[in-house]
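Quick notes on the structure that follows.
The values are calculated or read from the model by the stated rules, or taken from the named source; none is laboratory data. Quick caveat, the model's predicted, so the values are computed rather than measured. Here the Cβ positions follow ideal geometry from the backbone for every residue, glycine too, while neighbour counts run over all protein chains shown.
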């Protein structure tokens, strides 16, 4: 069984230029993983940060589990990301460069049933870069339409 995509941050690809991607494990509680498997995740406002040489993600909204009782989780709490020391050092060195940030791109359930967060080392786009992205997308749509018309 291949990895299953649960949620994708489409806004990140529009607002940022993704330089490098990493896959990190994410520490979740029991009701959080159940809610993730139901697909109730919003990555839009999320961002990653370092705290005492550990990587955390904040502002990811995982909806409360519908069948959860008093032990339900806080939907927007900060969650620890699990990476190797080598990857953490590499990311920390690159983030300290000017203008780079770390943002969540997608939530995936692995073959073994574990939740993974795909994070991207990103650089913010300027407005003219965003316009260029829109132009490329529109021209690709027109080419696809023309090819379908010929068939």
Discussion item. Could you check region 120-132 and list, in sequence order, the residues that are assigned to a helix (DSSP H, G or I) and over 20 Å from the mean Cα position of the chain (by Cα)?
Written reply: 127, 128, 129, 131, 132
Discussion item. Checking the structure you have, find out if any residue of region 106-116 is more than 13 Å from residue 33 (Cα to Cα) and surrounded by 14 or more Cβ atoms within 10 Å (Cβ to Cβ).
Written reply: yes
Worksheet item: Would you pick out the residues in region 39-57 that are without any contact (Cβ under 8 Å) to a residue 24 or more places away in the chain and either closer than 14 Å to residue 82 by Cβ or surrounded by fewer than 15 Cβ atoms within 10 Å (Cβ to Cβ) (or both)?
Response: 45, 51, 52
Worksheet item: Could we say that residue 137 is under 22 Å from residue 8 (Cβ atoms), outside any loop (DSSP other than H, G, I, E, B) and either in contact (Cβ under 8 Å) with a residue 60 or more places away in the chain or in contact with a strand residue (DSSP E or B) (Cβ under 9 Å, 6 or more places away or on another chain) (or both) here?
Response: no
Response to the item:
By residue number, the members of region 87-105 that are touching a strand residue (DSSP E or B) at 6+ places or on another chain (Cβ under 8 Å) and surrounded by fewer than 18 Cβ atoms within 10 Å (Cβ to Cβ) are 87, 92, 94, 95, 99, 100, 101
Worksheet item: Before we move on, is residue 150 within 29 Å of residue 41 (Cα to Cα), surrounded by fewer than 16 Cβ atoms within 10 Å (Cβ to Cβ) and out of contact with any strand residue (DSSP E or B) (no Cβ under 6 Å at 6 or more places or on another chain)?
Response: no
Worksheet item: Only one residue in 88, 105, 117, 81 is more than 14 Å from the chain's Cα centre (by Cα), at pLDDT 90 or above and within 26 Å of residue 4 (Cα to Cα). Which one?
Response: 88
Practice prompt. Please tell me if residue 98 is outside any helix (DSSP H, G or I), at negative phi and modelled with pLDDT under 90.
Written response: yes
